[in-house]
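Asks: Have a look at the structure that comes next, please.
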Amino acid sequence: MTFTPSVSSTPPLRSSAEESVGDAESFPLTFPTGFLWGAATASYQIEGAVAEDGRTPSIWDTFCRVPGAIVGGDTGDVACDHYHRMPEDVALMKRLGLAAYRFSTAWPRVRPDAGEVNRGGLDFYSRLVDELLGAGIAPWVTLYHWDLPQTLEDAGGWTNRDTAYRFVDYALSTYDALGDRVPYWTTLNEPWCSAFLGYTGGQHAPGRQEGAAGLVAAHHLMLAHGLVVEELRRRGATPEAGKQVGITLNLTVADPFDPDEPADVDAARRLDGFANRVFLEPIFKGRYADDLAADTAGLTFEGRAWQAWVRDGDLATISAPIDVLGVNYYHGDGASGLPHDDDPARLLGSAVTNPARPTGSPYPGGGITFPRRGLPTTGIDWEVQPDALTRLLVRLRDDYAVPPTYITENGAAYDDVVTAGAVHDADRLAFLDAHLRALHDAIEQGVDVRGYFAWSLLDNFEWAYGYGQRFGIVHVDYDTQVRTPKDSALWYAGVAARNGLGAR
Ligand code: FCB
């Protein structure tokens with residue numbers, strides 16, 4: 001079966017909530033024809049079934065057992081039980097009128113222990129793709145959303161160059177099974193988190209806190225991305241053949257906390273280097289920035305500067321042209337180069353800290369702090385800063401001439417309450433509305449943005465924060481696995497149906 005967009009025969013869900021939220025801007029807005037409205041998830045965050053049909057442990061299964069690593073000691077063992085409830089979840093997407101669903105395939109299902117191809121694991125994704133196509137929903141595959149086989153981590157993980165080649169094997173096995181039916185292929189989700197939360201700060205699996213190891217991991221992740229792009233092209237994955245290939249980056253807008261303080265201006269520059277340009281420069285310009293090299297001079301991994309791991313030809317591979325850029329946007333950052341009196345998690349920058357297991361700065365060399373700016377915050381204490389999304393998208397166009405862009409994640413965690421079978425999440429709805437307006441601003445400024453994915457379809461396992469932080473537009477009762485569309489989901493169904501925002 002190939003994908004042909006179709007209009008759902010089931011009328012989309014609606015609610016009065018879609019007209020009920022007040023905001024400064026209330027005029028209607030329409031998005032470009034064909035704008036892709038979707039929702040996103042990730043394998044480890046929703047699937048559960050961690051030991052079924054041949055799956056073997058990933059670094060997250062291991063990390064969840066590290067005392068103090070995950071709030072409440074939560075694990076992804078059951079999560080949303082999506083592995084067993086997939087048809088029901090796809091039916092829900094159809095009722096919401098979603099045009100696309102972004103999910104990730106789990107390496108430890110497809111190639112357990114990074115070994116032979118496991119038909120049982122691939123079959124699950126094949127059935128998912130068929131279910132989506134049958135519902136008129138475009139499947140969007142992310143090949144890596146952080147669940148590295150533990151066996152590879154035991155051999156050095158992303159600090160070992162060989163992991164990039166093992167990723168190619170896995171990616172091609174997945175493409176060979178699903179490539180006939182999936183139009184959108186993302187190599188990596190948020191390599192920043194994999195590299196710097198995983199190997200420098202230690203907030204994410206594998207939990208290593210080894211300074212410049214994050215830079216070595218970032219390079220190998222970039223190499224893995226480039227190698228897979230090259231191989232997918234050899235397999236015929238091109239826009240002409242109906243396949244779009246790209247990567248998803250979580251990018252920030254790095255502002256100085258105090259624009260008149262030179263230490264803060266410099267911290268913002270360094271943050272832009274470590275969070276954005278460390279990926280944007282190699283992908284779109286085939287180089288690493290000089291200031292990144294200067295900022296990391298003196299940092300070593302295994303006794304050598306991180307550039308020692310960059311081999312001739314790597315940057316040419318990494319800069320292979322891509323068809324789409326995925327941008328995950330949650331908030332910008334106000335960076336400071338000075339110490340501040342604020343809580344430790346806030347000062348590290350969007351990274352959970354647990355007193356039972358201290359973690360470090362995810363920025364190699366440290367020296368960047370994130371004091372409170374007085375902006376509103378969500379339930380996870382992330383700032384709400386929709387205007388920075390417009391600035392980010394315009395900057396990507398101006399500085400990097402990026403290909404057509406999709407917002408592959410955007411959303412917010414709030415403390416939801418289920419009352420009489422409903423969740424009146426006015427704050428999340430307002431968050432989504434404000435960000436869609438900011439996105440529309442960028443489109444009006446000529447930026448080529450072609451779609452938007454709410455994070456997330458379902459409440460799920462929010463990594464180091466466990467199940468306490470709910471990002472779903474659909475509520476999940478983890479005791480009963482009952483799904484309840486929140487007001488934001490009903491509103492979003494209306495947005496997708498009319499391809500725009502209504503006046504309120
Ligand atoms: C992003 C991740 C996603 C989810 C959201 C809240 O960094 O890609 O899995 O955790 O944050």
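The values are calculated or read from the model by the stated rules, or taken from the named source; none is laboratory data. Just so it is clear, the model here is predicted, and its values are computed rather than measured. FYI the Cβ positions are ideal-geometry reconstructions off the backbone, even for glycines, and counts take in every protein chain you see. When the accessible area is computed, the model is the full protein with side chains, heavy atoms only, and any ligands, DNA or RNA have been set aside. Shrake-Rupley method; radii C 1.70, N 1.55, O 1.52, S 1.80 Å.
Asks: Within the stretch 146-155, identify whether any single residue is of a type in the set (D, E, K, R), touching a helix residue (DSSP H, G or I) at 6+ places or on another chain (Cβ under 9 Å) and buried (at least 22 other Cβ atoms within 10 Å of the Cβ), and answer yes or no.
Replies: yes
Asks: Also: Looking at the stretch 448-485, which of its residues are out of contact with any helix residue (DSSP H, G or I) (no Cβ under 7 Å at 6 or more places or on another chain) and of a type in the set (D, E, K, R)?
Replies: Selection gives ASP448, ARG450, ASP459, GLU462, ARG470, ASP477, ASP479.
Asks: Please specify each residue of the stretch 238-256 satisfying the condition of being open to solvent by 10 Å² or more (accessible area, probe 1.4 Å) and part of a strand (DSSP E or B).
Replies: Result: GLN244, ASN250, ALA254, ASP255, PRO256.
Asks: Can you report the number of residues in the stretch 199-241 which are closer than 25 Å to ILE70 by Cα and among the small types (Gly, Ala, Ser)?
Replies: 10
Asks: Here is a further query. Identify the residue in the stretch 434-483 that is of a type in the set (Val, Ile, Thr) and without any contact (Cβ under 8 Å) to a residue 24 or more places away in the chain and, among all such residues, is nearest to THR378 (Cα to Cα).
Replies: VAL482
Asks: Right, something else. Of all the helices (runs of 4 or more DSSP H) wholly in the stretch 41-109, which have at least 1 residues that are open to solvent by less than 10 Å² (accessible area, probe 1.4 Å), within 25 Å of LEU188 (Cβ to Cβ) and free of Cβ contacts under 8 Å to residues at least 60 places away in the same chain?
Replies: Correct list: 82-96.
Asks: List pairs: first residue in the stretch 329-340 and among the acidic types (Asp, Glu), second residue not in a loop (DSSP other than H, G, I, E, B) anywhere in the structure, Cβ distance under 6 angstrom, at least six positions apart or on different chains.
Replies: Listed pairs, sorted by first residue: ASP333/ALA254.
Asks: Please work out which residue is most open to solvent (accessible area, probe 1.4 Å), limiting yourself to the stretch 167-218 and to residues that are charged (D, E, K, R) and in contact with a strand residue (DSSP E or B) (Cβ under 8 Å, 6 or more places away or on another chain).
Replies: GLU210
Okay, residues lined up against (1) open to solvent by 30 Å² or more (accessible area, probe 1.4 Å); (2) of a type outside the set (Ser, Thr, Tyr); (3) assigned to a helix (DSSP H, G or I):
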{"position": "LEU271", "(1), (2), (3)": "no, yes, yes"}
{"position": "ASN276", "(1), (2), (3)": "no, yes, yes"}
{"position": "ALA294", "(1), (2), (3)": "yes, yes, yes"}
{"position": "LEU299", "(1), (2), (3)": "yes, yes, no"}
{"position": "ARG311", "(1), (2), (3)": "yes, yes, no"}
{"position": "ILE322", "(1), (2), (3)": "no, yes, no"}
{"position": "HIS331", "(1), (2), (3)": "no, yes, no"}
{"position": "PRO339", "(1), (2), (3)": "yes, yes, no"}
{"position": "GLY379", "(1), (2), (3)": "yes, yes, no"}
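Asks: Given the criteria assigned to a helix (DSSP H, G or I), more than 20 Å from GLU47 (Cα to Cα) and within 16 Å of the ligand (Cβ to nearest atom), does ASP441 qualify?
Replies: Considered against the rule, which asks whether it is assigned to a helix (DSSP H, G or I), more than 20 Å from GLU47 (Cα to Cα) and within 16 Å of the ligand (Cβ to nearest atom), ASP441 comes out as no.
Asks: A follow-up question, please. Residues that are within 16 Å of the ligand (Cβ to nearest atom) and at pLDDT 95 or above: find the helices (runs of 4 or more DSSP H) completely inside the stretch 110-226 holding 2 or more of those.
Replies: none
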